[in-house]
Structure formats: C-alpha cells, structure tokens
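The values are calculated or read from the model by the stated rules, or taken from the named source; none is laboratory data. The model shown is predicted, which means the values in this text are computed figures rather than measured ones. Using ideal geometry, Cβ is built from the backbone for each residue, glycine included, and neighbour counts are taken over all protein chains shown.
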Amino acid sequence: MLLNFHYHSIKNTCIFTILLLFLAICGCAYYSFSGSALPAHLKTVSIPVFEDRTAEFGISELITEALINQITKDNTLKISDPRNADSVINGSITTIRDEAGTVNLDKEVQDIKIYITVDVEFVDQTKRNVIWQDRLTQWGTYEPDAVDGREKGIQEAVDKLVEDIVNNIIAGW
C-alpha cells in the first residue's frame with residue numbers, strides 16, 4: 001500500500017512538472033523583450049539636424065547629436081542615412097527663453113530657468129505617414145553668476161527633451 005502511494009505521488013509530481021514546463025515554454029514563445037510599440041517594419045531611422053528658428057547658436061546640433069546618441073543607446077532603431085532609412089525624426093527649435101527662477105528675500109535671483117521648445121515629428125518613410133508629432137518644452141536651471149551655468153542649463157533641458165522624444169517614439173504614441 002505504501003509503495004503504491006509513493007508511486008502515484010512521484011507520477012503526479014512528474015506530470016505536474018512537465019505541465020509547468022510546457023506552459024512556461026509556450027508562454028515564452030509569444031513574449032517580446034523589446035518593449036517597443038513601433039511597427040515591425042521600422043528598423044532604421046534618419047535624424048537630420050534640427051532646424052533652428054531662434055537666434056541661439058549651436059543648440060540644433062546639440063539636440064541632434066544628443067538624440068542620435070540616445071537612439072543608438074536605446075538600440076531599438078538603427079541610425080541610417082536618409083535615402084535608406086525606414087523612418088525619420090524631423091525637428092525644429094521654436095523658442096528658447098530664460099526666466100527668473102528662485103528669488104531670495106532681498107529680491108535677488110538665485111537661479112534662472114531656461115526653456116527650450118521644439119516641434120518634432122516621427123515619419124514612417126515606408127508608408128509615407130506621420131506616426132507621431134508634438135510640441136515639447138523642457139527646462140534646465142543655472143545660477144546667474146556661474147561661469148558656464150547657462151550651458152549647463154541648456155544641456156539639462158536638451159537631455160530632458162531627448163528623453164521625451166525617444167520615449168514617445170519607442171514606447172508608444
């Protein structure tokens with residue numbers, strides 16, 4: 001009797017284990033690690049230099065380079081030349097403005113916020129349609145007396161903009 005119980009217990013455990021393995025394998029067959037909401041046919045992207053509609057010098061190159069670096073780091077899309085790319089990210093810088101941030105009791109400005117606004121569109125060149133477009137604004141802060149403070153504030157705003165752009169393109173629209 002004890003031997004019979006032991007045999008059925010082992011048999012049930014083996015069947016249960018095989019069933020769990022089967023379900024795990026079947027479940028993993030449809031799972032994707034990419035986390036991307038991009039259409040499957042989009043594998044490459046071209047990123048022309050952002051158009052600059054402001055009087056600021058060098059910001060368009062800064063944003064474009066940061067965007068190329070972030071897309072490369074993300075590795076969902078491969079950077080390609082415009083003639084062969086499945087998609088393109090077009091952008092233009094519309095405004096850059098500085099505003100007083102924190103003011104102390106003596107009415108002295110402690111920091112300044114710099115706002116950068118861009119118009120961005122993500123275009124499917126294969127199907128010839130705009131997948132996503134938006135106007136985005138981000139900011140950075142800097143101390144008014146810092147030697148290279150404004151450049152650091154600009155870089156902070158650019159980093160935030162690029163993160164927003166990549167998240168919108170890769171994660172979902």
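See the values below:
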quantity: Residue tally, condition closer than 18 Å to P39 by Cα and either in contact (Cβ under 8 Å) with a residue 24 or more places away in the chain or part of a strand (DSSP E or B) (or both), over segment 73-99; calculated: 12
quantity: Number of positions in segment 123-173 that are charged (D, E, K, R), farther than 22 Å from N69 by Cβ and part of a loop (DSSP other than H, G, I, E, B); calculated: 4
quantity: Count of segment 78-116 residues which are of a type outside the set (D, E) and touching a helix residue (DSSP H, G or I) at 6+ places or on another chain (Cβ under 9 Å); calculated: 13
quantity: Unmet requirement for V130, which otherwise passes all of (1) hydrophobic (A, V, I, L, M, F, W, C); (2) in contact with a Leu (Cβ under 9 Å, 6 or more places away or on another chain); (3) surrounded by fewer than 19 Cβ atoms within 10 Å (Cβ to Cβ); calculated: (2)
quantity: Conditions (1) out of contact with any Leu (no Cβ under 9 Å at 6 or more places or on another chain); (2) under 18 Å from E163 (Cβ atoms): number failed by D52; calculated: (2)
quantity: Tally of residues being farther than 19 Å from E151 by Cβ, of a type in the set (A, V, I, L, M, F, W, C) and in contact (Cβ under 8 Å) with a residue 40 or more places away in the chain across segment 40-59; calculated: 3
quantity: Scope segment 72-107; condition surrounded by fewer than 10 Cβ atoms within 10 Å (Cβ to Cβ) and closer than 30 Å to E143 by Cα; matching residues; calculated: N104, L105, D106, K107
quantity: Exclusive hit being at pLDDT below 95, in the same structural domain as F50 (by TED's automatic domain parsing) and either in contact with a His (Cβ under 8 Å, 6 or more places away or on another chain) or among the aromatic types (F, W, Y) (or both), set T126, T102; calculated: T126
